[in-house]
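**Student:** First the structure, which I've put down as structure tokens, then a few questions once you've had a look.
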Amino acid sequence: MGLKKVLGKGVLMLTGYATVVASGFAIGVGGAAEAAGPMASLSYWVIGGLATLATAFVFSELATMFPKCGGIWEYTKQVFGKDHPVSFMLGWIYWFALLFGLNVELVSVGIYVHVLVPAIPQWVGSVVCSLIFLAVNRVGVKLSALVEAAFGVILIASSALFVVMGATMIDPTNYQPFAPYGTVEPFLQTLPYVVIAFCGFEVVATLTEESKNPTKDIPHALIGAAIFLTVLFGAFATVLYGLFPADGFAELGTDAPLIVVGGSLFGLAGIVWMTIHCFTGSMSTANGGVMGQTRVLYAMAREGWFPRSFSKLDENGTPTTALLVTAVSMILVSFLPIVTPDAWTLAGFLGVFGYGLCYMFACGLLIYLRVKRPELERPFRCPLVPVIPAIGIVLYALAIAFSGIQVIVVGVVWCAAGVAYYYLVGRRSRAKYLAEQGSETVVSPRNAAAQPAAIVSE
């Protein structure tokens, strides 16, 4: 029994949208303003737009070439081979990106609850959110995607209403000075805040095996979501910085700036409105994180890299054990604020590290495959290769560089842990799987790198 093809184009597009419109923007917009002033709005339009469209084009080509649920891990196998350490590491790093880049929303849910009701500890709201989405995803991907689509509709309506209403209340003096802290360096300092706002929409590619018509629906969902998100975030940031002085965000902090701004503009109604908006965004992203993490674990386990129990599906087509492991990881991230007061920034920027590496590698894979395997069937072709993938590589490399040394160190430690797992545990687990499948020959890393780019999974 395999994954069920139950997802249509509309649900996939709303999933890509709803997975992203959350605290990555709602909280990060304050940090971006603190770094660059009103000029940060350009970063959402330019950097966010270019990076996100590059990612959408690249993943659309790769996902339709290799329609498997493993995402970047699956694409890497096609170049390096199934048993190569680089192939394993991309799956490992992508899981890391989903763990922090999307589960940071659990931290945000707890922050919102604590801001509104100080007597409730931050971790309580986070853990309750984890349990809710564990239950939703346990029922099956169709319900999970429908819940995600419902969140998407709410967020589209709320965001559009804020932009339209806010545009009539803009004070042009709030844009002056436009670049109070300089231009180049402050602009680059906004990159991690902007990138984490957009990251996560590519989770749609991990649902390829559950798409009714992946060769058409996946590109439509990815590119449509990328365009819509660029316009939304760019317009939202532009209006927001015109409503409230950019230097005032430093006083608001990064806990819940949209809620504070909503209250200052619309009173109690604005607080309620922005609270619902932020809650909906954070919960939608947390739900998308459950879907993505579970399927990456499932995809790697069914080829022997993790315990076989991770790849077992229940009667609903849900990989239950992988879902439980995901739930445990979510709850652990929920307790991060107990360890550090900068929990949101740390978790979010760790997501930038993981996503950035994966996106850069995906761009590199696409260029490599165009040169070395031009004969492969490509239902969708990324335009302007190698320019568009190269733009993605540069922008994500800069985002990682400006995330800070602490984030880079933690990310490198995680990569080192992945290397250790591969050599100490992963290869033995994989060999056992191959033996059970009737193939006792495990491809060595040296030989795997020389394998042809298009490989059929066992």
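**Student:** Which residues, counting only those in the range 154-196, are surrounded by 13 or more Cβ atoms within 10 Å (Cβ to Cβ), among the hydrophobic types (A, V, I, L, M, F, W, C) and within 28 Å of the chain's Cα centre (by Cα)?
**Tutor:** Hits for the range 154-196 are 154, 155, 156, 160, 162, 163, 187, 188, 191, 194, 195, 196.
**Student:** Just one of (1) farther than 24 Å from residue 76 by Cβ; (2) part of a helix (DSSP H, G or I) trips up residue 317, so point out which.
**Tutor:** The one condition residue 317 does not meet is (2).
**Student:** Tell me which of these residue 67 doesn't satisfy, since it passes every other one: (1) part of a helix (DSSP H, G or I); (2) touching a Pro at 6+ places or on another chain (Cβ under 7 Å).
**Tutor:** (1)
**Student:** Could you list, ordered by first residue, the pairs with Cβ atoms under 7 Å in which the first is in the range 203-223 and under 14 Å from residue 53 (Cα atoms) and the second is of a type in the set (Asp, Glu) and modelled with pLDDT under 85, at least 6 apart or interchain?
**Tutor:** Short answer, once both residue conditions are applied: 222/202.
**Student:** Do we find a residue being outside any helix (DSSP H, G or I) and either touching a residue at least 40 places away in the same chain (Cβ under 8 Å) or not β-branched (Val, Ile, Thr) (or both) anywhere in the range 278-292?
**Tutor:** No, because not a single residue in the range 278-292 is outside any helix (DSSP H, G or I) and either touching a residue at least 40 places away in the same chain (Cβ under 8 Å) or not β-branched (Val, Ile, Thr) (or both).
**Student:** When residue 438 is evaluated against the numbered criteria (1) at positive phi; (2) modelled with pLDDT of 90 or more, which criterion, by number, is the only one it fails?
**Tutor:** (2)
The values are calculated or read from the model by the stated rules, or taken from the named source; none is laboratory data. Here the structure is a predicted model, which is why all the values come from computation and not from measurement. Glycine gets a Cβ as well: all are built from the backbone with ideal geometry, and neighbour counts include every protein chain shown.
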